[in-house]
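Trainee: Structure below; questions to follow.
The values are calculated or read from the model by the stated rules, or taken from the named source; none is laboratory data. Note that the structure is a prediction, hence the values are computed from the model and not measured. In this analysis, Cβ positions are derived from the backbone assuming ideal geometry, glycine residues included, and neighbour counts consider all displayed protein chains.
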Amino acid sequence: MNETEDLFHLRQRIANDDQLAYRQLFIQFYNKLSRFVMGFTKSKELTEEIVSDVFINVWRRRKNIQEIMNLKLYLYVSAKNITFNYLKKLHRENLTDLDSVEIEPEDPFADPGAAMITREMNLKLKAAINELPPRCKLIFTLIKEDGLTYKQTATLLSISESTVENQLSIALKKLGSSIRYTFRHN
C-alpha cells in the first residue's frame, strides 16, 4: 500500500473515531512536522506545542476529515498557519526568545568508528544545509527530508512549481559545491 492509500484509509478510520488510526497518523507525521516547524521557531518547546496543536485540531475536526483531499498537505499547511499565528502572538508580546536548539538524531550504527564518521558527515551536511539561503533551505527540507512533491511544496508556500524547482536546483548545486570543497580540504 502506498502512502496516499495509507493516508486515505487512516482518514476514513479517524473519521470513525478510531484512536489507533489517529495514533498511527501522529507517529507517521510528528517528527516530520516537528522538523518543519523547528525551521521557523528554533525552539523545541514551542515546536512541540505547535505540532501538538495540529494533531489536537485534527482530532477535534475528525468528523469533517473526509473533506480533506490531501491529508499530508493539510497537516503541513496547518502547522505553517499555527506557527505563524504563534510567532505573531510572541512578537506582539515581545517574547521572541527563540534560541536555536540542536537536536541530534539517534545513532543507528553499533560500530563506534562508523558511527563517528556518519555523525561527522551528517554534521557537515547539516552545516551545508544551514548555510543555504532561507527559501532554498525550506524547499530542500520539505522535498528531500519531508517527502513533499514539488506541487505540494508550491501550494504550501504559495509559490509556483517552477520556483520550487529553481530553488531546489540552487540548493542542490550549493550543497554539491560545499560537500566537494569539504572533501578536498579535509
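Trainee: Taking region 32-71, which residues are aromatic (Phe, Trp, Tyr) and under 11 Å from the mean Cα position of the chain (by Cα)?
Mentor: PHE36, PHE40
Trainee: Right, next: In region 128-155, which residue that is within 19 Å of LEU75 (Cβ to Cβ) and of a type in the set (S, T, N, Q) is surrounded by the most Cβ atoms within 10 Å (Cβ to Cβ)?
Mentor: THR153
Trainee: Tally up the residues in region 140-186 that are part of a helix (DSSP H, G or I), touching a Phe, Trp or Tyr at 6+ places or on another chain (Cβ under 8 Å) and at pLDDT below 90, please.
Mentor: 9
Trainee: A further question follows. Is it the case, given these coordinates, that LEU125 is closer than 25 Å to VAL164 by Cβ, at pLDDT below 90 and surrounded by 10 or more Cβ atoms within 10 Å (Cβ to Cβ)?
Mentor: Taking the combined requirement at face value, the residue satisfies it.
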